[in-house]
Amino acid sequence: MQDNQHGPLAGFTVGVTAARRADELGALLRRRGGAVLHAPALRIVPLADDAELLAATKELIDHGPDVVVATTAIGFRGWVEAADGWGYGEELLTRLRGVELLARGPKVRGAIRAAGLTEEWSPASESMAEVLDRLLGEGVDGRRIALQLHGEPLPGFVESLRAAGADVVVVPVYRWMAPEDLGPLDRLLDATISRALDAVTFTSAPAAASLLSRAETRGQLPELLRALDHDVLAACVGPVTALPLQAVGVTTVQPERFRLGPLVQLLGLELPSRARTLPVAGHRIEIRGHAVLVDNDLRPVPPAGMALLRALSRRPGWVVSRADLLGALPGAGRDEHAVETAMARLRTALGVPKLIQTVVKRGYRLALDPAADTKYADV
């Protein structure tokens, strides 16, 4: 059930790996109540420093293409601006005026028109697969096709065109590289593995691949995969982005429309649906990532308290020993007094002490409502 008062993501923490549009994604998540941990998994090499883009631009000016496929608005604008900075802007635009110009979607169409050009066609689906079908349907044997990329290659697309006889010139508008400061990415990895995050979002395949690669370098890949498999939701903006994760067996969720807004809306449905809801001592509690909804009142809970509450909720109504609860506490050592201290703080955070009962000389239990005993007896 969504919490309209606090937002559907209240009490959840979401990791953001995006380098581009991270502020926009973070704002959308916070607007729905979520906490955000941002760690760019990549950095973008500045256009003016990219010799490969300059070489591709000169090649297309000297030997014009028959078709140009523009895949992203920011990438197309960046290409034109970079050419302008190098002194080739007008020559590039003159070349592009004489070719079949295809735009992947409406944003790219807008960027093309803003440059004083006109696209010949754009797919209703905004899908590169539809662009490929059109090109192959027209016949590409002997044709020269320029493909503007934005950060990530489209190998299947390029191979299909080349196999059909096309001369494909790849225009790499940005180059993705590992971030210069790996500290934030390492902190996001640690937070994922320790289950301090409820979800991690990915908006490009290279970002997903970069996170996996960093985990492997640090010797954490098995732990990361276990976390993503069981407790931390991997949310991708689309199927291409999900490919590196799916290749290592990680199940992902994706919105039907491959945009940031629908991605955040999907999280607002998925995360609350994964939260544990129980009737306890005449109250309804919903256990979220770093907070608990008690009768729709959001109560932030410290990490140690959440660890105890999760341990109790695995067998609601049953007594859990202090020893078992000590084992659930992160870094608690061997002193069972740590359980009593964390339990006192948990009860204070929840605001309703009677939710958790002390069973003398045995441990603690959630005060599950009697009517629910049968339902949860074998949990």
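Is it the case that GLY165 is assigned to a loop (DSSP other than H, G, I, E, B), farther than 22 Å from GLY78 by Cβ and modelled with pLDDT of 95 or more? I'd like the intermediate steps shown before the answer.
Details: assigned to a loop (DSSP other than H, G, I, E, B): yes; farther than 22 Å from GLY78 by Cβ: yes; modelled with pLDDT of 95 or more: yes.
It is true that GLY165 is assigned to a loop (DSSP other than H, G, I, E, B), farther than 22 Å from GLY78 by Cβ and modelled with pLDDT of 95 or more.
So in region 290-316, with the set limited to residues that are open to solvent by less than 20 Å² (accessible area, probe 1.4 Å) and part of a loop (DSSP other than H, G, I, E, B), which one is modelled with the highest pLDDT?
Ranking the candidates gives VAL301 first.
For GLY75, all conditions in the list (1) surrounded by 14 or more Cβ atoms within 10 Å (Cβ to Cβ); (2) touching a strand residue (DSSP E or B) at 6+ places or on another chain (Cβ under 8 Å); (3) not in a helix (DSSP H, G or I); (4) not hydrophobic (A, V, I, L, M, F, W, C) hold save one; what is the number of the exception?
Failed condition: (3).
So, in region 334-343, exactly how many residues are under 24 Å from ASP369 (Cα atoms) and open to solvent by 20 Å² or more (accessible area, probe 1.4 Å)?
1
Which of the residues belonging to region 272-285 are in contact with a helix residue (DSSP H, G or I) (Cβ under 8 Å, 6 or more places away or on another chain) and closer than 17 Å to ASP231 by Cβ?
The initial filter retains those residues of region 272-285 that are in contact with a helix residue (DSSP H, G or I) (Cβ under 8 Å, 6 or more places away or on another chain), namely 276, 278-281, 283, 285.
Of everything in region 272-285, just one residue is in contact with a helix residue (DSSP H, G or I) (Cβ under 8 Å, 6 or more places away or on another chain) and closer than 17 Å to ASP231 by Cβ, namely ARG276.
Listed residues ARG257, ARG284; which is surrounded by fewer than 20 Cβ atoms within 10 Å (Cβ to Cβ) and modelled with pLDDT of 90 or more? Talk me through it step by step, then tell me what you get.
Numbers: ARG257 fails: modelled with pLDDT of 90 or more.
That would be ARG284, the only listed residue that is surrounded by fewer than 20 Cβ atoms within 10 Å (Cβ to Cβ) and modelled with pLDDT of 90 or more.
When you go through LEU92, LEU117 one by one, which is the residue that is in a helix (DSSP H, G or I) and modelled with pLDDT of 95 or more? Before the answer, list the steps.
Numbers: LEU117 fails: in a helix (DSSP H, G or I).
From the options LEU92, LEU117, the qualifying one is LEU92.
What is the residue count in region 28-72 for residues that are of a type in the set (Gly, Ala, Ser) and crowded, with 18+ Cβ neighbours inside 10 Å? Walk me through it before giving the result.
Within region 28-72, the subset of a type in the set (Gly, Ala, Ser) is 33-35, 39, 41, 48, 51, 55-56, 64, 70.
Applying the additional criterion that residues be crowded, with 18+ Cβ neighbours inside 10 Å yields 33-35, 39, 41, 56, 70.
Of the residues in that region, 7 qualify.
Can you tell me which residue in region 262-281 is surrounded by the most Cβ atoms within 10 Å (Cβ to Cβ), limited to those that are among the polar types (S, T, N, Q) and modelled with pLDDT under 95? Spell out how you get there, then give the answer.
Initial filter on region 262-281 (among the polar types (S, T, N, Q)): 265, 273, 277.
If we keep only those that are modelled with pLDDT under 95 as well, we get 273, 277.
Working: SER273: 10, THR277: 13.
It comes out as THR277.
Regarding region 320-333, can at least one residue be identified that is loosely packed, with under 14 Cβ neighbours inside 10 Å and touching a residue at least 60 places away in the same chain (Cβ under 8 Å)?
Filtering region 320-333 for residues loosely packed, with under 14 Cβ neighbours inside 10 Å gives 323, 327, 330-331, 333.
Restricting the remaining residues to those that are touching a residue at least 60 places away in the same chain (Cβ under 8 Å) gives 330.
Checked against the condition, which is being loosely packed, with under 14 Cβ neighbours inside 10 Å and touching a residue at least 60 places away in the same chain (Cβ under 8 Å), region 320-333 yields at least one hit.
The values are calculated or read from the model by the stated rules, or taken from the named source; none is laboratory data. The shown structure was predicted, so the numbers you read here are calculated from the model rather than taken from an experiment. Note that each Cβ is placed from the backbone with ideal geometry, even for glycine, and that neighbours are counted across all protein chains shown. Areas reflect the complete protein model, heavy atoms only, side chains present, ligands, DNA and RNA absent. Shrake-Rupley method; radii C 1.70, N 1.55, O 1.52, S 1.80 Å.
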